[in-house]
Amino acid sequence: MKIRSMMSLLAAAVLATACATTPMTTPTLDQARADFVAANNNPQVAQYAPLEFKQASDALDQANAAAARREAVGDVDRLAYVAKQRIATAMEVAKAKAAEADIANASRERDQVRLAARTAEADRAKRDAEAAQAQAAQAQMQAQAAQQQAQTAQQQAAAAQEQNAALAQRAAVLEALLVELQAVKTERGYVVTIGDVLFAHDKAELTPNGMSTLRKLADVMAQNPNRTVLVEGFTDSTGSSSYNQELSQRRAEAVASALGSMGVARNRVAMKAYGEAFPVAPNDTASNRQLNRRVEIVLSNENAQIPPRTAGR
């Protein structure tokens, strides 16, 4: 029996200790705390009512302390109510002083506007006087400028007409040369094909007819300095892939070298060897294989790079 009584007393003590550590609050205190957070987040309170907010903070501290000591609910509510009122007072003081500041700022702005208006009026009068004095000289300058503009316009029209004529002539020459070279217009540019018959048989040396064709292409590039070329070599499928690759490379280099000897700058000529890739005909007959043994020269569009070759072109 004694052991049971001692255990009951111990349980009661533990329960009492747990209750004593449970935080205490009331709806009034909770509201005061929420109002305090709102006031603390209001920049006008810190600017215009720091003293009132300090008093409100002290009052809330007292209410919080009373709640921590678990004083009577009525006492905690009374202190919380005082804190609420002081918080409200701080908010109202901040609001009123902010309104006063707005009024003062508006008054200063009105004064500044009036001053600016008077200054602008004085400046305008001064400018009008200066404009009147310069009006005669300005009229004379305008007449001279108009005459100069007319002369400039005539010169520009003549220059534009001359430039357009030169461009038209250049385009006509380009078109005629491309037609003579049997160039094909593609998305990559104009493609000129140097067929197998323009090379020595199974060699990379150009025949006289091949050199003649390249001379025409060199003339095109001389008249179109904003264009570049890409020389691409191809073979048929006869023989080993390595041999075909090497032959297509040598033929592309031969074309590039010939263009260089004809005055085309080396940095305007690029090369690519494809060997037996990208055939234009089946490699099933002698005539079709001859079509695949070729060098294609891609002439770029004006001021444009040549896109890389893709499957089918």
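Every read-out reported here was derived from the displayed coordinates using simple, explicitly stated rules and does not represent laboratory data. Keep in mind it's a predicted model, so treat the numbers as computed, not measured. Quick reminder, even Gly has a Cβ in these numbers, built from the backbone with ideal geometry, and neighbours come from all protein chains shown.
FRET efficiency for the Thr207 to Glu246 pair, using the beta carbon distance and R₀ = 22 Å, is estimated at 0.60.
Positive-end ranking of Ala176, Phe199, Ala158 along the dipole of the chain, with charges on Cβ about the Cα centre, is headed by Phe199. Rounded to the nearest 0.05, the FRET efficiency derived from the C-beta distance between Val184 and Gln163 at R0 = 30 Å is 0.55. Taking the C-alpha atoms only, the angle from helix 27-40 to the longest principal axis of the chain is near 50 degrees.
With the simple spin-label model, which puts each label point 7 Å out from Cα in the Cβ direction, the Ala129 to Thr89 separation comes to 6.2 nm. Classified by the C-alpha gyration tensor, the range 20-96 has a prolate form. Its axis ratio a/c, with a ≥ b ≥ c, is 1.5 or above, and a/b is larger than b/c. The fewest-to-most ranking of Val220, Val113, Val229 by surrounding Cβ atoms within 10 Å reads Val113, Val220, Val229. Taking a straight Cα-Cα cut-off under 13 Å and skipping sequence neighbours fewer than 8 places away in the same chain, the aspartates and glutamates within cross-link reach of Lys203 are Glu246, Glu253. Put a plus charge on the Cβ of each Lys and Arg, a minus charge on the Cβ of each Asp and Glu, and nothing anywhere else: the dipole of the chain about its Cα centre is then about 580 debye.
Amide H contacts under 5 Å for Phe199: Thr207, restricted to partners 5 or more places along the chain or on a different chain, H placed in the peptide plane at 1.01 Å from N. Using θ = phi - 60° in the Karplus curve 6.51 cos²θ - 1.76 cosθ + 1.60, the 3J(HN,Hα) couplings for the range 215-222 round to 4, 5, 5, 4, 4, 4, 5, 5 Hz; x is entered for Gly and Pro.
Between rounded, prolate and oblate, where does the range 171-299 land on the alpha carbon gyration tensor, with a ≥ b ≥ c its root eigenvalues, rounded for a/c under 1.5, else prolate if a/b exceeds b/c? It comes out prolate by the Cα gyration axes.
Potential lengthening of the chain between Val73 and Asp30 amounts to 14.2 nm, from the contour at 0.36 nm per residue minus the alpha-carbon distance.
Relative to the Cα centre, the charge distribution of the range 171-299, modelled as +1 at Lys and Arg Cβ and -1 at Asp and Glu Cβ, gives a dipole magnitude of about 340 debye. Once the Cα atoms are used to define both axes, helix 73-180 deviates from the longest principal axis of the chain by about 10 degrees.
D by Stokes-Einstein for the chain, Kirkwood Rh over Cα pairs, 37 °C, 0.692 mPa s: 107 µm²/s. Computed over the alpha-carbon atoms, the range 196-267 gives an Rg to Rh ratio of 1.01, Rh here being the Kirkwood radius from the mean inverse distance.
Shape index of the range 57-172: Rg/Rh, with Rg the Cα radius of gyration and Rh the Kirkwood radius from the inverse mean 1/r over Cα pairs, equals 1.69.
The 3J(HN,Hα) values that the Karplus relation (6.51, -1.76, 1.60; θ = phi - 60°) gives for the range 295-308 are, in residue order, 10, 9, 10, 9, 8, 5, 5, 4, 6, 9, 7, 8, x, x Hz. Gly and Pro appear as x.
An oblate overall shape is assigned to the range 188-236, the ratio a/c of its alpha-carbon gyration tensor axes (a ≥ b ≥ c) being 1.5 or greater and a/b not exceeding b/c. Near the amide H of Val191, within less than 5 Å, lie the amide hydrogens of Val184, Lys185, Thr186, Leu299, all on another chain or at least 5 residues away, with H placed in the peptide plane. Each residue of the range 228-240 was assigned a 3J(HN,Hα) from its phi angle through the Karplus expression (A = 6.51, B = -1.76, C = 1.60, θ = phi - 60°), giving 10, 10, 10, 9, 10, x, 9, 9, 8, 8, 6, x, 6 Hz with x at Gly and Pro. Could you pull out every residue, at least 5 positions away or on a different chain, whose amide H is within less than 5 Å of the one on Asp236? Hs are placed 1.01 Å off N in the peptide plane, and Pro or chain starts have none. Counting only residues 5 or more places away or on other chains, the set is Arg293.
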